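Here's the structure we're looking at; comments come further down.
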Amino acid sequence: MPDTNPFPPGDADRRAIWDMLVQRDIRAFVAGDWNAHFADFAPDGFFGIDGRFSDDPDSWRATFADIERYREAWLAGSAELAGRIDPKDLEQALFALTTLREIEIVNDFAMARKKFDGTIPLVGAEPTVLRWQTLYFCRRLGDRWRIAGFLGYLPNPMGHVASV
């Protein structure tokens, strides 16, 4: 996905959510700028469920029970890639492997499906493969959307569809 918002100008809510979850998230991650990213969160009551790359809910964990725990993991992930790839190349790779086209909005609540599928070439190391998906739960607070929580690190694609 390029760094161009795929939602039409008339769809202001989805455009705002995409900008928050894709454009600003990637740019802050590449820069290691948690403060820029933090501005997009609703820290009170924030949670993150770690799907541990499994489609079995029994293995999922409440790893990010608060914003501070998520902050530590986010900063560690950013630092891990710093110096192993040129920042512009990292940004380009992240935009290329990120897809966010499905955003469901009900009043002041939104669920966005962000998917990662691709590789990041690293200097002097094997490429890093990103192949997972995250469901983000967002709330409109005042005049802007914020991240209230997520269910992340799920397989992409998930397992088979069960027949009922």
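The values are calculated or read from the model by the stated rules, or taken from the named source; none is laboratory data. It should be emphasised that the depicted structure is a prediction, and the values quoted were computed from it without experimental measurement. All Cβ positions, glycine included, derive from the backbone under ideal geometry; neighbour counts span all protein chains shown. The protein model used for the area step is the full one, side chains on, heavy atoms only, and it has no ligands, DNA or RNA in it. Shrake-Rupley method; radii C 1.70, N 1.55, O 1.52, S 1.80 Å.
Numbers at a glance
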| item | result |
| --- | --- |
| Residue list for region 99-109, restricted to those being closer than 19 Å to residue 131 by Cβ and either free of Cβ contacts under 8 Å to residues at least 24 places away in the same chain or buried (at least 21 other Cβ atoms within 10 Å of the Cβ) (or both) | 100, 102 |
| Scope region 115-124; condition open to solvent by less than 40 Å² (accessible area, probe 1.4 Å) and farther than 30 Å from residue 44 by Cβ; matching residues | 118, 120, 122 |
| Number of the exception - residue 16 against (1) open to solvent by 60 Å² or more (accessible area, probe 1.4 Å); (2) touching a residue at least 40 places away in the same chain (Cβ under 8 Å) | (1) |
| Residue under evaluation residue 81, criteria (1) surrounded by fewer than 13 Cβ atoms within 10 Å (Cβ to Cβ); (2) among the aliphatic types (A, V, I, L, M); (3) closer than 19 Å to residue 36 by Cα, criterion not met | (1) |
| Yes/no for residue 120 being among the β-branched types (Val, Ile, Thr) and either without any contact (Cβ under 8 Å) to a residue 24 or more places away in the chain or within 26 Å of residue 11 (Cβ to Cβ) (or both) | no |
| Among the residues listed as 61, 69, the single one being modelled with pLDDT of 95 or more and either surrounded by 14 or more Cβ atoms within 10 Å (Cβ to Cβ) or among the hydrophobic types (A, V, I, L, M, F, W, C) (or both) | 69 |
| Every pair of residues 6+ apart whose Cβ atoms lie under 7 Å, when the first sits in region 29-53 and is on the phi > 0 side of the Ramachandran plot while the second is surrounded by fewer than 16 Cβ atoms within 10 Å (Cβ to Cβ) | 32/75; 32/79; 32/82; 52/59; 52/61; 53/155 |
| Which listed residue is farther than 24 Å from residue 23 by Cβ and in contact with a helix residue (DSSP H, G or I) (Cβ under 7 Å, 6 or more places away or on another chain), from 69, 52 | 52 |
